[in-house]
Amino acid sequence: MPQAMIDLPELLARVENDRELMRELLLIFKEEFPQRLQALRDGVASMNAERVAAEAHALKGMLSNLAAGPAANAAARLEQLGRNQELSEFQEACASFENIGKELLLQLDVCIAEVCVDEDSHRR
Amino acid sequence: MRILIADDEMMSRKLLQKTLERAGYEVIAVENGRLAADQLFPADGPRLALLDWVMPGLDGPGVCREVRKRKEQSYVYMVLLTSKESKEDVVAGLESGADDFLTKPFDSEELKARLRTGLRILNLEDRPRRGTREDAIPGHP
């Protein structure tokens, strides 16, 4: 059984049980995540520590709002590496973040589908 | 009560906006510090503001500094939103003119409680001043 990438009870508490808002947040994340990830990759490829720190910071914020703890922690690590200019660690940390991100996106789709079903059943 | 939210991150803005609208606030949401300062400068602008620390261009502390320079306007109660947690960051944030700060990701109950504190302070600020130097408590400037 894969590790849960989103803490659903925590996310529901964050949105005060508003499932419509939860769905909106999940969809915004799904749309914005690939662009942010690409910007992070670009920062790592060019060994631009300032950019890595800035993009990782933005990702950490998005992931924290989503109660996506493991991915937020991986982003926080990248942010710290960027701030400390630890360039030699960038590739490994980014690869690790991307692996977590892939699993997160899979679970995100399941989450979105579940929220849509729940909303439909509430409407009936 | 009107409140300004400034955050460049869309998810955060949406979450803050819904949470505060549900709590009865009239929300104005903007995506950068420059727009936030423009909203807060007019005399009839919002008097409560939640400002993300890190924003492109003018950041949260920068907005606080600009607003505090304008002494002629009514007091604006400003809360910085930050994932920065070190003591140095907190000191720098408060010294920029912020009244309070809140760590992200925020807890909705804590957010609302802190804003109620802000409202109490604004209410006190708006009360006619009754005390004078003559009736000040001795030993207290």
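The values are calculated or read from the model by the stated rules, or taken from the named source; none is laboratory data. Note that the coordinates shown come from a computational prediction; the quantities given were computed from them, not determined experimentally. Here Cβ is always computed from backbone atoms with ideal geometry, including for glycine, and neighbour counts include all displayed protein chains.
Say we look at the stretch A:15-49 and pick out the residues that are among the polar types (S, T, N, Q) and in a helix (DSSP H, G or I); which of these is farthest from B:E9 (Cα to Cα)? So, considering only residues that are among the polar types (S, T, N, Q) and in a helix (DSSP H, G or I), the one farthest from B:E9 (Cα to Cα) is A:Q38. Being within 21 Å of A:A56 (Cβ to Cβ) and exposed (fewer than 13 other Cβ atoms within 10 Å of the Cβ) is the filter; apply it to the stretch A:4-36 and report the residue that is nearest to the other protein chains (Cβ to nearest Cβ). Looking at residues that are within 21 Å of A:A56 (Cβ to Cβ) and exposed (fewer than 13 other Cβ atoms within 10 Å of the Cβ), I get A:E31. Within the stretch B:1-37, being closer than 24 Å to A:L63 by Cα, assigned to a loop (DSSP other than H, G, I, E, B) and at the interface with another protein chain (Cβ under 10 Å from one of its Cβ atoms) holds for B:D7, B:D8, B:E9. Which condition number does A:A95 fail, the rest of (1) more than 28 Å from B:Q17 (Cα to Cα); (2) surrounded by 13 or more Cβ atoms within 10 Å (Cβ to Cβ); (3) away from chain B (no Cβ under 14 Å) being met? Unmet condition: (2).
With the structure loaded, tell me whether A:M1 is at pLDDT below 95 and surrounded by fewer than 14 Cβ atoms within 10 Å (Cβ to Cβ) or whether it fails that test. The answer is yes for A:M1. For the stretch A:54-77, the tally of residues that are of a type in the set (G, A, S) and facing another protein chain (nearest Cβ under 10 Å) stands at 7. The residue pairs whose first member lies in the stretch A:85-99 and is farther than 13 Å from A:S46 by Cα, whose second member is part of a loop (DSSP other than H, G, I, E, B), and whose beta carbons are closer than 9 Å, counting only pairs six or more residues apart or on different chains, are A:A93/A:E86.
Does the stretch A:43-52 include one or more residues that are surrounded by fewer than 21 Cβ atoms within 10 Å (Cβ to Cβ) and within 13 Å of another protein chain (Cβ to nearest Cβ)?
yes
Condition check: closer than 15 Å to A:A67 by Cβ, modelled with pLDDT under 95 and of a type outside the set (S, T, N, Q). Does A:E20 satisfy that? It is false that A:E20 is closer than 15 Å to A:A67 by Cβ, modelled with pLDDT under 95 and of a type outside the set (S, T, N, Q). Pairing residues of the stretch B:55-69 that are assigned to a loop (DSSP other than H, G, I, E, B) with residues that are among the small types (G, A, S), at Cβ distances under 7 Å and at least 6 apart in sequence or on separate chains, gives B:M55/B:A6; B:M55/B:G33; B:G57/B:G33; B:L58/B:G33; B:L58/B:A37; B:D59/B:G33. Within the stretch B:99-116, residues that are within 14 Å of another protein chain (Cβ to nearest Cβ) have Cβ atoms under 8 Å from residues that are assigned to a loop (DSSP other than H, G, I, E, B) and among the hydrophobic types (A, V, I, L, M, F, W, C) in these pairs: B:P105/A:A67; B:K112/B:A23, counting only partners at least 6 apart in sequence or on another chain.
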